[in-house]
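S.K.: Sharing a structure below in structure tokens format, with a few things to ask.
The values are calculated or read from the model by the stated rules, or taken from the named source; none is laboratory data. Because the structure is a prediction, the values reported are computed rather than measured. A quick note on method: Cβ atoms are made from the backbone with ideal geometry, for glycine too, and the neighbour counts reach across all protein chains shown. With ligands, DNA and RNA removed, areas are computed over all heavy atoms of the protein, side chains included. Shrake-Rupley method; radii C 1.70, N 1.55, O 1.52, S 1.80 Å.
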Amino acid sequence: MIALSQPEPARRWGIPDHLLTIEEYAALGETDSGFTELVEGRVVMSPSPIPDHNDALLELAQQVIPQLPDHLKVLLDTDVDLGLAPRGRPGHSRRPDLMVVERTALIRVRKMRGMLRAEEVAVVVEIVSPGSRRTDYQVKHDEYADAGIPHYWIVDITEPVSLVACHQAGEFGYMDAAAVTGTFATDVPFPVKLDLDALLS
């Protein structure tokens, strides 16, 4: 990720040259610079994912969607306010590869605009790319835990494809299960079975 914290790059992409609040970041809308996130008030940009990443993401979504209960919905590459800073202070927003969220959250955003909130997310999923390993396994692991998101699945598409399921364990943050290959099955937060080998077809 490239931090756009210097005045000149910030101006070039139409991004203010100061630390942004969540409200200021949301007001930017879609930027010409492409994929962005907000980390402690700094706008960061990522290059486009590799084809295998996008292929795995699409396959994962197609497997999850039919197994969802009616009150949940899958979203891809959507901003979520992690709520890690007080209102009016430099904010923190991520754009996970996949989220499972409450349908009521979409209704709220549709009516009131703004951004999805961490407390509306049931599961957040990141697909590990060669350049995102440390960020996905460590940085986002801690951020999503601090944000109170109940479940975080880390999908590593290095063969054999594996999934690490992390769940909230109180004051200790996430407790990580052992990496699973082949078939991943769980009953929480909803019953689901995933064919991990099919993610790289």
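S.K.: Please tell me if residue 122 is touching a residue at least 60 places away in the same chain (Cβ under 8 Å), of a type in the set (Gly, Ala, Ser) and more than 20 Å from residue 28 (Cβ to Cβ).
M.R.: Yes, satisfied.
S.K.: Is it the case, given these coordinates, that residue 32 is in contact with a Pro (Cβ under 6 Å, 6 or more places away or on another chain), at pLDDT below 95 and open to solvent by 60 Å² or more (accessible area, probe 1.4 Å)?
M.R.: no
S.K.: A further question on this structure: Consider residue 94 against the criteria (1) open to solvent by less than 40 Å² (accessible area, probe 1.4 Å); (2) more than 20 Å from residue 23 (Cβ to Cβ); (3) charged (D, E, K, R); (4) within 11 Å of the chain's Cα centre (by Cα): it satisfies all of them except one. Which criterion is unmet?
M.R.: (2)
S.K.: On the basis of being loosely packed, with under 15 Cβ neighbours inside 10 Å and in contact (Cβ under 8 Å) with a residue 60 or more places away in the chain, does residue 50 make the cut?
M.R.: Answer is yes for this residue.
S.K.: Right, next: Given (1) surrounded by 21 or more Cβ atoms within 10 Å (Cβ to Cβ); (2) without any contact (Cβ under 8 Å) to a residue 60 or more places away in the chain; (3) under 13 Å from residue 56 (Cβ atoms), where does residue 155 come up short, assuming only one miss?
M.R.: (2)
S.K.: Next up: Could you tell me whether any residue of the range 66-86 is in contact with a strand residue (DSSP E or B) (Cβ under 9 Å, 6 or more places away or on another chain), over 24 Å from residue 41 (Cα atoms) and assigned to a loop (DSSP other than H, G, I, E, B)?
M.R.: Yes, the range 66-86 contains at least one residue that is in contact with a strand residue (DSSP E or B) (Cβ under 9 Å, 6 or more places away or on another chain), over 24 Å from residue 41 (Cα atoms) and assigned to a loop (DSSP other than H, G, I, E, B).
S.K.: Same structure, new question: Report, by residue number, each residue of the range 99-132 that is open to solvent by 60 Å² or more (accessible area, probe 1.4 Å) and either in contact with a Lys or Arg (Cβ under 8 Å, 6 or more places away or on another chain) or polar (S, T, N, Q) (or both).
M.R.: 102, 103, 104
S.K.: Continuing with the same structure: Which residue, of 138, 168, is at pLDDT 95 or above, at negative phi, open to solvent by less than 80 Å² (accessible area, probe 1.4 Å) and out of contact with any Ser or Thr (no Cβ under 9 Å at 6 or more places or on another chain)?
M.R.: None of the other options fit; the residue is 168.
S.K.: Any idea which residue in the range 62-76 is surrounded by the fewest Cβ atoms within 10 Å (Cβ to Cβ), counting only those that are in contact with an Asp or Glu (Cβ under 9 Å, 6 or more places away or on another chain) and of a type in the set (A, V, I, L, M)?
M.R.: 76
S.K.: Say whether the condition of being within 19 Å of residue 23 (Cβ to Cβ) and touching a residue at least 40 places away in the same chain (Cβ under 8 Å) is met by at least one residue in the range 128-144.
M.R.: Scanning the range 128-144 turns up no residue that is within 19 Å of residue 23 (Cβ to Cβ) and touching a residue at least 40 places away in the same chain (Cβ under 8 Å).
S.K.: A further question follows. Output the number of the condition that residue 108 fails; it satisfies all remaining conditions of (1) farther than 19 Å from residue 140 by Cα; (2) at pLDDT below 95; (3) not in a loop (DSSP other than H, G, I, E, B).
M.R.: So residue 108 meets the others, but not (2).
S.K.: Condition first: under 17 Å from residue 65 (Cα atoms), surrounded by fewer than 15 Cβ atoms within 10 Å (Cβ to Cβ) and of a type in the set (Val, Ile, Thr). Can you find one or more residues in the range 183-190 that meet it?
M.R.: yes
S.K.: When both residues are 6+ apart or on different chains and their Cβ atoms are under 8 Å apart, which pairs have a first residue that lies in the range 67-80 and is among the polar types (S, T, N, Q), and a second that is not in a loop (DSSP other than H, G, I, E, B)?
M.R.: From the range 67-80, the pairs are 67/192; 67/193; 78/99; 78/116.
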